[in-house]
Amino acid sequence: MKRVSKWIGALLIVLCLAVVLFPPFFILFSSLLSEWELDFLIHEVGSYAAGSFLPIRIPPYEVDLHQFRAVLLDRPEILRTLLNTMGYAAITLAGMFLVAPLAAFVFAKLRFKGNSVLFFLYVFLLLLPFQVLCVPLYLTVSTLRLMDTPWAFILPEIFSPLYVFLLRQFMRSIPDSILEAAALDGAGLIRTYLRIILPLSKPALAVCGVLCAAKCWNMIEQPLLFLKNASLYPLSLYIHEMMNAGQAEFLSTCVLAAVPVLLLFLIFNDDLMDGLMQMEL
């Protein structure tokens, strides 16, 4: 019975991996096809009867990289939107690292009346999808005259309750005895926060940093709602606009856009795992 359960578990894992990995693998594979293979795959593969031979194989007959060269050299919009995205992500990360750890420290370690209620109301926003918040957010952005500026989606992300929640759960695991010892040594709240809480929270800060950077890189609904000026578009929105362009260039741009996020995950993989393991979720 145990052996059957193991086989069923292994089969379910393989099935889940196949479902999750198929879209990125298909995009990568399609971006390496020659022009005639890609055209056949998109337009004619559905007309073949089941069991018929398809003139496409893995790996492709020839790896064609001309579409990558065309995207990088012939489309200056790619570089502009890439720089826009990097700038938006850098500003958002800087703001998040200033706001979220301080708010999490207040919720995790300071005792005041209404702490739990205020934290519940703040985190309750996590349960609301963007589609519910977009109308009041749009009205707020219009009132503040932030329409058609990147601040319309940078500021909400800086104050996102997600990062406050994750950091607060991590800071709760820091023993209060450490803070009491610091207080006995004459350290105030600010010094305790800067010298003790922040250094001990590096794994959680790495988790929030990776999540924030990935979210900024992949953000599309917010820029689509608030930006009208094409010169301010991030890379994700430009990819959305490229869906009407050639299939080869579109797929190549998708692959290039995924590389920075993949590198970010590989570089901070250990810190990401350590931070998630230590959080009281």
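Tabulated data for the structure shown
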quantity: Spatially proximal lysines relative to Lys228 (Cα-Cα < 28 Å; intrachain offsets below 8 disregarded); calculated: Lys215
quantity: The stretch 80-202: translational diffusion in µm²/s, Stokes-Einstein, Kirkwood Rh over Cα pairs, 20 °C, 1.002 mPa s; calculated: 130 µm²/s
quantity: Spin-label model distance (nm) - Phe112 vs Leu266, 7 Å beyond Cα toward Cβ; calculated: 4.6 nm
quantity: The stretch 73-278: proportion of alpha-carbon pairs further apart than 29 angstrom, %; calculated: 35 percent
quantity: Student exercise, the stretch 73-278 dipole from Lys, Arg, Asp, Glu Cβ charges, in Debye to nearest 20; calculated: 660 debye
quantity: The stretch 159-281: relative contact order as a whole-number percent, Cα under 8 Å and 6+ apart; calculated: 42 percent
quantity: Per-peptide average of other Cβ atoms within 10 Å, ordering 203-216, 264-277, 74-87 highest first; calculated: 203-216, 74-87, 264-277
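Every read-out reported here was derived from the displayed coordinates using simple, explicitly stated rules and does not represent laboratory data. This is a predicted model, so every value here is computed, not measured. No Cβ is skipped: glycine too gets one built from the backbone with ideal geometry, and neighbour counts run over all protein chains shown.
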